[in-house]
1. Considering each residue of region 255-279, count those that are crowded, with 23+ Cβ neighbours inside 10 Å and in a loop (DSSP other than H, G, I, E, B), and give that number.
2. Could you grab me the full set of residues in region 72-96 that are in contact with a helix residue (DSSP H, G or I) (Cβ under 8 Å, 6 or more places away or on another chain) and either buried (at least 16 other Cβ atoms within 10 Å of the Cβ) or assigned by TED's automatic domain parsing to the domain that holds residue 171 (or both)?
3. Keeping to region 219-265, report how many residues are touching a His at 6+ places or on another chain (Cβ under 8 Å) and among the aliphatic types (A, V, I, L, M).
4. At least 3 residues that are under 34 Å from the mean Cα position of the chain (by Cα) and surrounded by 15 or more Cβ atoms within 10 Å (Cβ to Cβ) in each: list the strands (runs of 3 or more DSSP E) lying fully within region 492-608 that qualify.
5. So if I check each of 124, 158, which one is on the phi > 0 side of the Ramachandran plot and either touching a Ser or Thr at 6+ places or on another chain (Cβ under 6 Å) or modelled with pLDDT of 85 or more (or both)?
6. Test residue 568 against the criterion of being closer than 22 Å to residue 445 by Cβ, in contact with a Lys or Arg (Cβ under 6 Å, 6 or more places away or on another chain), in contact (Cβ under 8 Å) with a residue 60 or more places away in the chain and not assigned by TED's automatic domain parsing to the domain that holds residue 443, and give yes or no.
7. Give 105, 120, 116 a once-over and let me know the one that is of a type outside the set (D, E, K, R), in contact (Cβ under 8 Å) with a residue 24 or more places away in the chain, assigned to a strand (DSSP E or B) and over 30 Å from residue 48 (Cα atoms).
8. Can you find a residue that is at pLDDT below 95 and part of a helix (DSSP H, G or I) anywhere in region 439-461?
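The values are calculated or read from the model by the stated rules, or taken from the named source; none is laboratory data. Here the structure is a predicted model, which means the values were calculated and not measured. All Cβ positions, glycine included, derive from the backbone under ideal geometry; neighbour counts span all protein chains shown.
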Amino acid sequence: MKEKEEIKRILATDCGSTTTKAILIEKRGEEYRLIVRGEAPTTVEAPFEDVTRGVLNAVREVEELSGVKILEGERIIKPYRNEKEGVDIYVSTSSAGGGLQMMVAGVVLTMTAESAQRAALGAGAIVMDVIASNDGRLPHEKIERIRNLRPDMILLSGGVDGGTISHVVELAELIRASEPKPRFGIGYKLPVIYAGNKDAREYILKILKEHTALEIVENIRPVLERENLQPARHKIHDLFMEHVMAHAPGYKKLMEWTDVPIMPTPGAVGLLIEQVGRSENIEDLGVDIGGATTDIFSCFRDRRGEKEELVFNRTVSANLGMSYSISNVLKEAGIENIIRWISFKINEGELRNRIRNKMIRPTTIPHTLEELKIEQAIAREALRLALEQHKSMAVGLKGIQQERTISDAFAQALTGETLVNMMSLNLIIGSGGILSHAPRRVQSAMMMIDGFLPEGITRLAVDSIFMMPHLGVLSTVHPIAAKQVFDKDCLIRLGTCIAPVGEGKEGIKVMRIKIYKKDGEIIEKDCYYSEIYLIPLKENEKAKVEIIPERGFDVGAGRGKRLEAEIEGGVVGIIIDCRGRPLNLPKEENKRIELLNKWASAVNLYPQ
């Protein structure tokens, strides 16, 4: 592979479960820019059963659009030959074939098992089940579960170093008794990673060495108060490539083409969100809302230690999506919670039928304004539920047993357990069809505001054409190119949301805001409860803001305390959300519909 400075042209692909997307990046002058993007159906299933066919089809589209010859027969031309031929490096991510599916096992459900789950999620896996000594299932039920699930790999953890070993040994015996078979291929052993009490290693070796492809890494919970997730995450990546991908149809060939190992798509997106947080030293949150799952990635500071450190977390809400699992969103949220976002009268039966139609015809897109409003209402609830789930997993460690379920997520926020702090959050990045391809950018902004309810001052952005996975894997070989394309071509800055926390009566004054623009213009505004305002501020334009909240309201400095900050514009501008936090919609239907329509016209959400 060439030195970084010499790299002129980069090809990257992402093999998704339905579509394979290819992008071409070139050095223009001193910076790297996206040139073209192509896509083709993924070919991992019958009749093709060879992922490289879809990759070649997507690359051929890139060739046609760019006029650059990239393929000779079925081989990628490397290195770069001239302006019209060849690329310097080729990288790829993949979630084809259902991505990386894992099972985790730990001794205590709310401690080591939860740490193991965080390690697997952070590596880009979908966690199919969590087995723990105290999960209430009988041994034969656990054995049957492992047998039936056929995961790609198992992560086994348990016990702090020097602690008891009997429980984790019992779990290893359960795994052996179940004789687990991997999902792809029959001629190899299932990978098992042991990341538990180091004193139990020799016992684990005896039990599992013969029956599985066992790997041993450092303990993910060496002491109660500390997690050590990186060694397990790195090992998951390695085994994903060596075992799982090597047995998936056509991947051996694809692995020979790429310059760095293929990465699971969510792992690559997470890497990018984490790098944005660390490079800018900000707290950020990314969401990828797909047809079957919603992934949330976040970097939040753990403020309880001596030194504040940014902690990265990822959760997969495997049953919250906008097509294949849209009925699950209805089930989890409840029909009332979806109807509350719909700004016209609709009866429950009709709404249920429309949602079921989307599930059985997952590739359809809304054709009328009513259909669009319904779909965006469902997206708000999918985002809200996915964030609740994320809050319950992104927690600081106290080393104490505490039962955690999704319904506890908000209660936990009050105990200071969750790291997710919407007031200190600096940036939200949205991705996935419903957010990236919304007819108007203001619709993407409002879906994220209504779904996540940011507090204080928060910047909003969306991924223009879903190339975060490509740039995530590229950042491991060429961070500069990845960052330049991310800033210039990938990220669309929507603007900034200013949302005071507090509750009041409709029409009372919430705050006074003064915006000092660079050209000398000053915008002054009194803001009232239950109102929403849109102030234009262009992309890449910055302004100083002075906010003087009334006594019961907080924008980040404390209740009633004045705040000065710098804000950034975008294609939407500055959205001032004075609807209160928490946001309570009226129960009475006519009043609620009237309010929703008033807010929609205030930000020009659905222009007639």
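1. 1
2. Of everything in region 72-96, those that are in contact with a helix residue (DSSP H, G or I) (Cβ under 8 Å, 6 or more places away or on another chain) and either buried (at least 16 other Cβ atoms within 10 Å of the Cβ) or assigned by TED's automatic domain parsing to the domain that holds residue 171 (or both) turn out to be 76, 88, 90, 91, 92, 93, 94, 95, 96.
3. Step one: list which residues in region 219-265 are touching a His at 6+ places or on another chain (Cβ under 8 Å), which gives 261, 263-264.
Going one step further and asking which of them are among the aliphatic types (A, V, I, L, M), we end up with 263.
Number satisfying all stated conditions: 1.
4. 509-517, 531-535, 542-549, 563-568, 573-578
5. Working: 124 fails: either touching a Ser or Thr at 6+ places or on another chain (Cβ under 6 Å) or modelled with pLDDT of 85 or more (or both).
Within the list 124, 158, the selection yields 158.
6. yes
7. 105
8. For region 439-461, residues at pLDDT below 95 and part of a helix (DSSP H, G or I): absent.
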